[in-house]
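*Asks:* Dropping the structure in here first, questions after.
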Amino acid sequence: MGEILVLVDHIDGEVKKAGLELLTLARSLGEPSAVWIGEGLDAGRPVLAEHGAAKVYAADAALNEYVTAPRAELLARLVADKAPAAVLVSATPENKEVAGRLAVRLGSGVLTDVVAVDADLVAEHSIFGGAMRSRSKVASGTPVIAVRPNSVAVQPSPAAAEVEQVAVELSEAAKGARVLERVVQEKGERPELTEAGIVVSGGRGVGNAENFAVIERLADSLGAAVGASRAATDAGWYPHAFQVGQTGKTVAPQLYVAVGISGAIQHRAGMQTSKTIVAVNKDAEAPIFDLVDYGVVGDLFQVVPQLTEEIEKRK
Amino acid sequence: MNIVVLVKQVPDTATERKLSAADSTLDRASADGVINELDEYAIEEGLRLKEAHGGEVTILTMGPDQASDSIRKALSMGADKAVHLVDDALHGSDAVQTSYALAQVLKKIGFDLAVLGSESTDARTGVLAAALAERLGVPQLSLASKVEIDGSTVRIQRITDYGYDRVEGSLPAVLSVVEKINEPRYPSFKGIMAAKKKPVEKLSLADAGIDPALVGLAGATTQVVDFADAPPREAGTVVKDEGDGGAKLAEFLAAKKFV
Ligand SMILES: Cc1cc2nc3c(=O)[nH]c(=O)nc-3n(C[C@H](O)[C@H](O)[C@H](O)COP(=O)(O)OP(=O)(O)OC[C@H]3O[C@@H](n4cnc5c(N)ncnc54)[C@H](O)[C@@H]3O)c2cc1C
Ligand SMILES: Cc1cc2nc3c(=O)[nH]c(=O)nc-3n(C[C@H](O)[C@H](O)[C@H](O)COP(=O)(O)OP(=O)(O)OC[C@H]3O[C@@H](n4cnc5c(N)ncnc54)[C@H](O)[C@@H]3O)c2cc1C
């Protein structure tokens, strides 16, 4: 079986769930090798081992000082040296950019936002806001595939996770866009939006920033992440990092709860493939109700606190 | 400053979109073509940068004949001229090939700043800005929610998973913008009239120095195997709150094992 390179995202050594999903998927395609950039491998390595990484290629944190290009150069170098059968990344906006650069470097093709990959490396897409399914493959070169988070159920399977340090000499062109500062807006102890099994989102109906506490309380009773519509992020009620939709994050949780959100096409583009969808909205005509498994027409300030209380009672 | 804004024509997201049964490419005939809505922010940012720093805004589109409607609209917003890469051989090009074709045109016409939207609403790959920066060997200043230019230095706020990064690079560069960056203007009547007289240069593959073997469906680096409608969602239950809406919803969630 061929080697499968998996770019594993982590925050200071804490492996993102999407990385474990990719390792699980990679085991069905070949032998997974994790690619690790930056500090924290001591903490991360046992997790990679537990989830089936036969090898770990570790590279210096300096690669993160510039926008995407150094990571593409690292992966291109590994593809040249190891001749893997495919490269997998998680389909975040940033990783899709890495994937695009890598495909150009390799002269191969790139498939983005795929929801499944079969043993012949045929990938499935959910397109046009979930209205259609298509299957595609890379026709030339080493396939570069960006997989949507939450598309694969994580299964552990122990492996050696043997570490090999990789040094790359960056080209001058790769140093063109320098990161001066990182500003973190994610807050609190809630699960990460794209990785969460349950997402509770609030929209314009929530009314102001303080009222988002109603959304947060419901989210916490369910162990969910909090999301927001663009109307809510544009109004400054919640940070942009939490926006769900066309120009925010794409989420596909087991359960999506839309509160005071009308269900505009751009919002739907980011949540339509959620497994179960429920909504609370005072307007019975709101388009979000076309999508729901269960909907309540009513005032969110009545319905949501009652829902939260009921959930707490049942715990 | 020579600003080139890349604009894609896409089927209107409000209409039903399809793939063609013949070759699995986008069925452009069955839906109205409009400017990719995220590209309107790129056009607006291009115009604002020109207003602040001087220069010229050129629209660059790769697409079939009917894409000229979108080009006119972009010109009516205030762009100065346009380049339309149009050739039947381009049909079916994927993202890697499209980046090659557009990079060839950018090299030919020259640019200080190439401005893109963050993604298209049809294919949504979101790779073009990065792929163009790779091909052109210039800084990738992508996913910007804010842009400042000072001489030849460009600083952006780049939207990330966790918030944003402050990023710096120098011209020439590729910039892509997110919808937070501005509010696109509407074409004025004067703008619409003026657009009719603005120059649109049509380029074929040969004009742009594009190798026909490297574009189009036959040589595509990706290939659609098959496609089908997604199974329709089963119609759900919608109840009116009679004072027990929250409790009912909790019951539903409990039955589904979410609580
Ligand atoms: C280029 C572009 C990109 C975009 N990207 C995104 C994106 O990524 N994500 C996104 O979400 N949007 C996006 N949008 C915006 C999108 O078109 C909508 O404007 C937005 O989703 C509306 O947000 P909303 O549903 O919260 O607000 P509204 O459409 O105003 O809906 C508010 C809803 O709350 C209900 N409501 C009000 N009060 C109450 C109450 N007390 N109890 C119960 N219900 C109540 C109302 O009935 C209404 O249905 C984008 C738009 C453009 C043009
Ligand atoms: C449903 C569907 C799925 C697809 N999936 C894939 C895939 O996984 N891999 C793949 O290689 N191809 C794919 N394609 C083909 C893809 O549409 C084309 O390759 C396209 O030219 C580039 O991708 P994009 O539109 O996603 O660009 P994006 O990278 O999303 O677009 C970003 C920006 O690039 C600029 N831009 C894009 N296209 C043009 C253009 N023609 N002219 C001028 N500016 C432009 C615009 O400023 C735009 O905002 C898919 C097509 C469809 C219809």
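Rule-based calculations on the coordinates, nothing more; no lab input. The model shown is predicted, which means the values in this text are computed figures rather than measured ones. With ideal geometry, Cβ positions are generated from the backbone for all residues, glycine too; neighbour counts draw on all protein chains shown.
*Asks:* Once you list every other residue whose beta carbon is under 10 Å from the beta carbon of B:Pro139, what net charge do they have if Lys and Arg are +1 and Asp and Glu are -1?
*Replies:* +1
*Asks:* Can I ask one more? Positive end of the dipole of region B:2-214, charges at C-beta (+1 Lys, Arg; -1 Asp, Glu), about the Cα centre: which of B:Val177, B:Ser30, B:Ala74 has its Cα farthest in that direction?
*Replies:* My answer, from the dipole projection, is B:Ala74.
*Asks:* Please state the relative contact order of region A:198-314 as a whole percent: Cα pairs under 8 Å, 6+ residues apart? Mind showing how you got there, number by number?
*Replies:* Details: 246 pairs, mean separation 29.3, N = 117.
Relative contact order here is 25 percent.
*Asks:* Can you show me the helix-derived [θ] at 222 nm for chain A, built from DSSP H runs with n ≥ 4 at -39,500 (n - 2.57) apiece and divided by the number of residues, rounded to the nearest 500.
*Replies:* -8000 deg cm²/dmol
*Asks:* Same structure, new question: What is the distance in Å between the Cα centroid of region B:129-158 and that of region B:19-98?
*Replies:* 20 Å
*Asks:* Expressed as an acute angle from 0 to 90° and rounded to the nearest 10, what is the orientation of the C-alpha long axis of helix B:245-255 relative to the principal long axis of chain B?
*Replies:* 90 degrees
*Asks:* Follow-up. Based on DSSP, what percent of beta bridges with both residues in region B:2-214 are antiparallel, to the nearest 5? Write down the numbers at each step before the final one.
*Replies:* Details: 17 of 42 bridges.
Bridges in region B:2-214 that DSSP calls antiparallel: roughly 40 percent.
*Asks:* If a/c stays under 1.5 just call it rounded; otherwise compare a/b with b/c (prolate if a/b is bigger, oblate if not). Do that for region A:3-175, with a ≥ b ≥ c from the square roots of the Cα gyration tensor eigenvalues.
*Replies:* oblate
*Asks:* Moving to a separate point now. Give, in nm to one decimal, the length gained when the segment between A:Ala160 and A:Lys313 is fully stretched (0.36 nm per residue of separation minus the Cα-Cα distance).
*Replies:* Computed gain between A:Ala160 and A:Lys313 is 50.6 nm.
*Asks:* Please check: in the Gaussian network model of chain B (C-alpha springs, under 10 Å), which one of B:Ile109, B:Ile35, B:Ile59 has the largest mean-square fluctuation.
*Replies:* Checking each option, the largest mean-square fluctuation is seen for B:Ile109.
*Asks:* Using amide H atoms built 1.01 Å from N in the peptide plane, name the residues 5+ places from A:Thr276, or on other chains, whose amide H lies under 5 Å from its own.
*Replies:* Those lying under 5 Å, H to H, from A:Thr276 are A:Leu255, A:Tyr256.
*Asks:* Going 7 Å from the Cα of A:Ala213 in the Cα-to-Cβ direction, what parts of region A:288-311 have a backbone nitrogen less than 19 Å from that spot?
*Replies:* Counting only backbone N, you get A:300-310.
*Asks:* Further question on the same structure: In whole Hz, what ³J(HN,Hα) sequence does region B:64-73 give by Karplus (6.51, -1.76, 1.60; θ = phi - 60°), x for Gly and Pro?
*Replies:* With the stated coefficients, region B:64-73 comes to x, 3, 5, 5, 4, 4, 5, 4, 4, 5 Hz.
*Asks:* Something else now. Expressed as an acute angle from 0 to 90° and rounded to the nearest 10, what is the orientation of the C-alpha long axis of helix A:212-222 relative to the principal long axis of chain A?
*Replies:* The helix A:212-222 is inclined about 70 degrees to chain A.
*Asks:* Work out the charge dipole of region A:198-314 with +1 on the Cβ of Lys and Arg and -1 on the Cβ of Asp and Glu about the Cα centre, then indicate which of A:Gly223, A:Gly260, A:Gln246 is farthest towards its positive end.
*Replies:* A:Gln246
*Asks:* Related question: To the nearest 500 deg cm²/dmol, what mean residue ellipticity at 222 nm is calculated for chain B from DSSP H runs of n ≥ 4 alone, each contributing -39,500 (n - 2.57), summed and divided by the residues?
*Replies:* That comes out to -8500 deg cm²/dmol.
*Asks:* For region A:150-161, what does the Karplus curve 6.51 cos²θ - 1.76 cosθ + 1.60, with θ = phi - 60°, yield as ³J(HN,Hα) per residue in whole Hz, taken in order and with x for Gly and Pro?
*Replies:* Taking θ as phi minus 60°, the curve returns 6, 8, 10, 7, 5, 10, x, 6, x, 8, 6, 6 Hz for region A:150-161.
*Asks:* Here's something else I'd like to know. Indicate, rounded to the nearest 5 percent, the antiparallel portion of the DSSP beta bridges found entirely in the protein assembly as shown.
*Replies:* Approximately 35 percent, going by the DSSP bridge assignments.
*Asks:* Cα-Cα over 29 Å: which of A:Lys282/B:Lys257; A:Lys55/A:Lys249; A:Lys96/B:Lys8; A:Lys249/B:Lys146? All intermediate terms of the calculation are to be shown ahead of the outcome.
*Replies:* Numbers: A:Lys282/B:Lys257 26 Å; A:Lys55/A:Lys249 31 Å; A:Lys96/B:Lys8 19 Å; A:Lys249/B:Lys146 19 Å.
Among A:Lys282/B:Lys257; A:Lys55/A:Lys249; A:Lys96/B:Lys8; A:Lys249/B:Lys146, the Cα-Cα distance tops 29 Å for A:Lys55/A:Lys249.
*Asks:* Taking the Cα centre as origin and putting +1 on Lys and Arg beta-carbons and -1 on Asp and Glu beta-carbons, what dipole magnitude results for region A:3-175, to the nearest 20 debye?
*Replies:* 620 debye
*Asks:* For chain B, modelled as a GNM with alpha-carbon contacts under 10 angstrom, which of B:Pro64, B:Pro232, B:Pro212 fluctuates the most?
*Replies:* Comparing B:Pro64, B:Pro232, B:Pro212 in the GNM, the peak value goes to B:Pro232.
*Asks:* Just the number, please: percent antiparallel of the DSSP beta bridges in region A:3-175, rounded to the nearest 5.
*Replies:* The answer is about 30 percent antiparallel.
*Asks:* Additional query: Under a crude label model (7 Å from the Cα following the beta-carbon direction), how far is B:Glu148 from A:Asp42 in nanometres?
*Replies:* 3.9 nm
*Asks:* Further, regarding this structure: Projecting each Cα onto the charge dipole of region B:2-214 (Lys/Arg +1, Asp/Glu -1 at the beta carbon, about the Cα centre), which of B:Pro139, B:Val86, B:Val200 comes out farthest on the positive side?
*Replies:* The one lying farthest along the dipole's positive direction is B:Val200.
*Asks:* Based on other C-beta atoms within 10 Å, arrange A:Ile145, A:Ile127 from fewest to most.
*Replies:* The most exposed by this proxy come first: A:Ile127, A:Ile145.
*Asks:* Can you compute the modelled spin-label distance between B:Lys202 and A:Glu192, with each label point 7 Å from Cα toward Cβ, in nm?
*Replies:* 4.9 nm
*Asks:* Once you order the gyration tensor axes a ≥ b ≥ c over the Cα atoms, which shape class does the protein assembly as shown get: rounded for a/c under 1.5, otherwise prolate or oblate by comparing a/b with b/c?
*Replies:* Working: a/c = 1.58, a/b = 1.19, b/c = 1.33.
Oblate.
*Asks:* May I ask you to derive the FRET efficiency for A:Arg204 and B:Glu16 from their Cβ-Cβ distance with R0 = 35 Å, giving the value to the nearest 0.05?
*Replies:* Working from the Cβ atoms, E equals 0.80.
*Asks:* Over chain B, what is the relative contact order in percent, taking alpha-carbon pairs closer than 8 angstrom and at least six residues apart?
*Replies:* Result for chain B is 23 percent.
*Asks:* With +1 assigned to the C-beta of every Lys and Arg and -1 to the C-beta of every Asp and Glu, and no other charges, what is the dipole magnitude of the protein assembly as shown about the Cα centre in debye, to the nearest 20?
*Replies:* 660 debye
*Asks:* Let me ask something else. Please report the relative contact order for region A:146-225, taking Cα pairs under 8 Å with a sequence separation of at least 6, and give it as a percent rounded to a whole number.
*Replies:* Result for region A:146-225 is 32 percent.
*Asks:* Also, I was wondering about something else. With axes computed from alpha carbons, what is the tilt in degrees of helix A:69-82 against the longest principal axis of chain A, rounded to the nearest 10 within 0 to 90?
*Replies:* The helix A:69-82 is inclined about 50 degrees to chain A.
*Asks:* Where the only charges are on Cβ atoms (+1 Lys, Arg; -1 Asp, Glu), what is the dipole of region B:2-214 about its Cα centre, to the nearest 20 debye?
*Replies:* The calculated dipole for region B:2-214 is roughly 560 debye.
*Asks:* A:Ile11 versus A:Asp118, label points 7 Å from Cα toward the beta carbon: distance in nm?
*Replies:* 3.7 nm
*Asks:* Take the alpha carbon atoms of region A:199-231, find their center, do the same for region A:1-34, and report the distance between the two centers in whole angstrom.
*Replies:* Taking the Cα centre of each part, region A:199-231 and region A:1-34 sit 32 Å apart.
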